[in-house]
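**Q** To start, I am sharing the structure in question, which I have written as structure tokens.
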Amino acid sequence: MLYPEARAPYNLIFQQIINGIQAEHKLQLVTYPLKKNYDPEQLLAQLSSDNIEMVITLGRRGFLMADLLMNKIPFVSGALPLKPNGISGVSLIADPDSLLTKLLELAPNTKNIHVIYSPVNQWLIDLAHYAAKQRQLSLKSYKVNDLSDAIKTYKQVINNANSKTDALWLPLDKITSNERVVLPLVLEKSWKNKLLLFSSKPSHAKRGTLFSVFPNNEGSGERLVQMVKQLYFQKTKPGVEPMKSNKLGVNLRTAGHLGLKYSSIQLKTFSATFPIPE
């Protein structure tokens, strides 16, 4: 397993993924902490010398090995916001299926979901349409190409949405979830209109969306082991999967503003709640 060498607390995510890998893979696990200036060719020779049969790469530093490993050693990648590109792995991008499951748990009266996205996320929106259809939800998707188009579309969607049945989803998208321009605008307008807003980005629940999700890193590690074994034994590529194992962060102030209440049993299932009591 290849992962960036980092000091605490920056190594916590990688250590959690490693814990998941070790839980799923009971045989020998050889770890290779990578320094910033490591030599990929030298590392490839080391892997060959060590008779490594399967590889998991974590983070951007490990992903630098992808081209060298291709067609030599079965490998999968994690701890990155991967998109389909011919490589297999678990993306940090949340699975729309799990997002919609959590949405209906928190706001069961939701009927229509609006999402504004840029072309690079078409693969994710396709998954979301399928997940919505399975739940008899209407997903209305709006493709935009730039920031000004995104802002105009957000204003139109929020002004026309029905606050009793509609929700607005912020995907992980550099254009349509822009932190400096889009997020403050959408938070303000959705709050004013009492429109349910949820997000794929972990930090957004703290900022004011009803909920957001963050990775279950141990679960990601377990899935990475399953995928690399599929590559090794079955010779089939599982491709890139969105993160299906997620934890839930909920903004209780926003929930109260929207008229949503949760039982003590529900509250215990939330991994994080905001605002954090002082």
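Read-outs: derived from the displayed coordinates by stated rules, not from any lab. Please read these numbers as outputs of a predicted model, since none were measured by experiment. When we count neighbours, we look across all protein chains shown, and the Cβ atoms used for this are built from the backbone with ideal geometry, even at glycine.
**Q** Give me the extension gain from residue 145 to residue 15: residue separation times 0.36 nm, minus the current Cα-Cα distance, reported in nm with one decimal.
**A** Extra length available between residue 145 and residue 15 comes to 43.0 nm.
**Q** For region 146-278, what is the relative contact order in percent, using Cα pairs closer than 8 Å and at least 6 residues apart in sequence?
**A** Reported relative contact order: 20 percent.
**Q** Turning to a different aspect of this structure: Of the listed values (i) 60, 51, 34; (ii) 52, 39, 37; (iii) 62, 41, 35, identify the label whose number matches Cα extents along the principal axes in Å calculated from this model.
**A** (iii)
**Q** Next up: Taking every Cα atom in region 17-174, find the radius of gyration and the maximum pairwise distance Dmax, and write them in Å.
**A** Final numbers for Rg and Dmax: 20.6, 63 Å.
**Q** Expected output is a single nm value to one decimal: the length gained when fully extending between residue 101 and residue 257, i.e. 0.36 nm times separation in residues minus the C-alpha distance. What is it?
**A** Here the answer is 54.0 nm.
**Q** May I ask you to list the lysines whose Cα is less than 19 Å away from that of residue 247, ignoring any residue fewer than eight positions away on the same chain?
**A** Filter leaves 102, 201, 206, 268.
**Q** Residue by residue, what Karplus-based ³J(HN,Hα) values in Hz, rounded to whole numbers, does region 18-27 have, using 6.51, -1.76 and 1.60 with θ = phi - 60° and x for Gly and Pro?
**A** Here the 3J(HN,Hα) series is 4, 4, x, 4, 5, 5, 8, 10, 7, 8 Hz.
**Q** When a footprinting reagent is the concern and you count Cβ atoms within 10 Å, what order do 188, 222, 24, 41 take, fewest first?
**A** Sorted ascending by nearby Cβ count, the order is 41, 188, 24, 222.
**Q** Along Cα→Cβ, 7 Å out, is where each label goes; now give me the distance between the ones at residue 268 and residue 53 in nm to one decimal.
**A** That separation, rounded to one decimal, is 4.3 nm.
**Q** Give, in nm to one decimal, the length gained when the segment between residue 193 and residue 39 is fully stretched (0.36 nm per residue of separation minus the Cα-Cα distance).
**A** Fully extending the segment from residue 193 to residue 39 adds 50.0 nm.
**Q** Amide H neighbours of residue 170 under 5 Å, at least 5 residues apart or on other chains, H built in the peptide plane: list them.
**A** Distant-sequence amide H within range of residue 170: 198, 199, 200.
**Q** Further, regarding this structure: Would you mind counting up the charge near residue 100? Only other residues with Cβ under 13 Å from its Cβ, with Lys and Arg at +1 and Asp and Glu at -1.
**A** Local net charge: +2.
**Q** May I ask you to derive the relative contact order of the chain, considering only C-alpha pairs under 8 Å and at least 6 residues apart, and to give it as an integer percent?
**A** 22 percent
**Q** For region 88-244, with the dipole built from +1 on Lys and Arg beta-carbon atoms and -1 on Asp and Glu ones, taken about the Cα centre, which of 165, 89, 145 lies farthest toward the positive end?
**A** 165
**Q** Further, regarding this structure: From the phi angles alone, apply the Karplus equation (6.51, -1.76, 1.60; θ = phi - 60°) to region 75-88 and give each ³J(HN,Hα) in whole Hz, x where the residue is Gly or Pro.
**A** 8, 9, 10, x, 6, 9, x, 5, 10, x, 8, x, 10, 9
**Q** Among 135, 223, 61, 7, what is the fewest-to-most ranking by other Cβ atoms within 10 Å?
**A** Exposure proxy ranking, most exposed first: 7, 135, 61, 223.
**Q** Which order results if 228, 144, 30 are arranged by neighbouring Cβ count within 10 Å, fewest first?
**A** Going from sparsest to densest Cβ surroundings: 30, 144, 228.
**Q** Then there is this: With just the Cα atoms defining each centre, how far is region 142-163 from region 228-274? Give it in Å.
**A** Each part reduced to its Cα centre gives a spacing of 26 Å.
**Q** For region 134-278, what is the per residue volume of the convex hull drawn over the alpha-carbon atoms, in cubic angstrom?
**A** Hull volume over Cα atoms, normalised by residue count, gives 163 Å³.
**Q** Taking amide H positions as placed in the peptide plane 1.01 Å from N, state which residues far from residue 140 in sequence (5 or more) or on other chains have amide H under 5 Å from it.
**A** The answer is 113, 114, 115.
**Q** Let me ask something else about it. Using modelled backbone amide H atoms (1.01 Å from N, in-plane), which distant-in-sequence or interchain residues come within less than 5 Å of residue 93's amide H?
**A** Here the answer is 82, 243, since their amide H atoms fall under 5 Å of that of residue 93.
**Q** Based solely on its DSSP helices, what 222 nm [θ] is calculated for the chain when runs of n ≥ 4 H residues each add -39,500 (n - 2.57) and the sum is averaged over all residues, nearest 500 deg cm²/dmol?
**A** Roughly -11500 deg cm²/dmol at 222 nm, from the helical runs in the chain.
**Q** If r is the Cβ-Cβ distance from residue 64 to residue 153 and R0 is 35 Å, what FRET efficiency results, to the nearest 0.05?
**A** That pair, residue 64 with residue 153, gives E of 0.45.
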